[in-house]
Amino acid sequence: MGNKIIGIVLLVLGLLIIFWGLYSSYNIFKGNQALPQVFRSDEINFGLDKDSSLSPTSAPDVQKQMEQTVSDQLAKIFPPGTLFKLMNLISWSIFAWILILGGGKIAGLGIKLMSST
């Protein structure tokens with residue numbers, strides 16, 4: 001009788017963990033809940049200088065102008081914050097997957113305990 005009660009509790013706990021993870025993921029993807037911020041940045045710089053006062057007289061100056069052009073084009077393709085939003089979304093997806101797997105294992109233990117009696 002004791003194993004059956006513990007089994008039911010574990011089954012319910014596992015299912016609650018799974019449903020909470022799925023519900024939170026649904027709300028995040030619908031935009032009803034904010035995405036947890038694991039990765040943060042105020043501004044993406046791509047590691048390139050924004051010095052526009054260069055003249056094309058020497059090779060290093062031409063290289064810096066090319067770097068500036070590439071930086072400007074990357075900023076147009078990837079708006080600031082896109083990379084961090086994607087990384088936060090991936091990290092939440094991994095966490096939700098861990099919740100689902102863990103909840104499944106807990107529920108499986110509950111089922112084993114209920115069926116062993």
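The values are calculated or read from the model by the stated rules, or taken from the named source; none is laboratory data. Please read all numbers here as calculations on a predicted model, not as lab measurements. Glycine also receives a Cβ, built like all others from the backbone with ideal geometry; neighbour counts cover every protein chain displayed.
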Tell me which of these P80 doesn't satisfy, since it passes every other one: (1) part of a helix (DSSP H, G or I); (2) farther than 16 Å from I28 by Cα. (1)
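For (1) within 25 Å of F19 (Cβ to Cβ); (2) modelled with pLDDT under 90; (3) polar (S, T, N, Q), each residue gets a yes or a no:
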{"residue": "V38", "(1), (2), (3)": "yes, yes, no"}
{"residue": "D51", "(1), (2), (3)": "no, yes, no"}
{"residue": "L86", "(1), (2), (3)": "no, yes, no"}
{"residue": "L113", "(1), (2), (3)": "yes, no, no"}
Any chance S91 is at pLDDT below 95, more than 30 Å from S115 (Cβ to Cβ) and surrounded by 13 or more Cβ atoms within 10 Å (Cβ to Cβ): yes
Candidates A75, A96, filtered to the one that is in a helix (DSSP H, G or I), of a type in the set (G, A, S) and in contact (Cβ under 8 Å) with a residue 60 or more places away in the chain: A96
Every residue in the range 53-71 that is at pLDDT below 85, out of contact with any helix residue (DSSP H, G or I) (no Cβ under 7 Å at 6 or more places or on another chain), exposed (fewer than 12 other Cβ atoms within 10 Å of the Cβ) and among the hydroxyl-bearing types (S, T, Y), please. S53, T57, S58
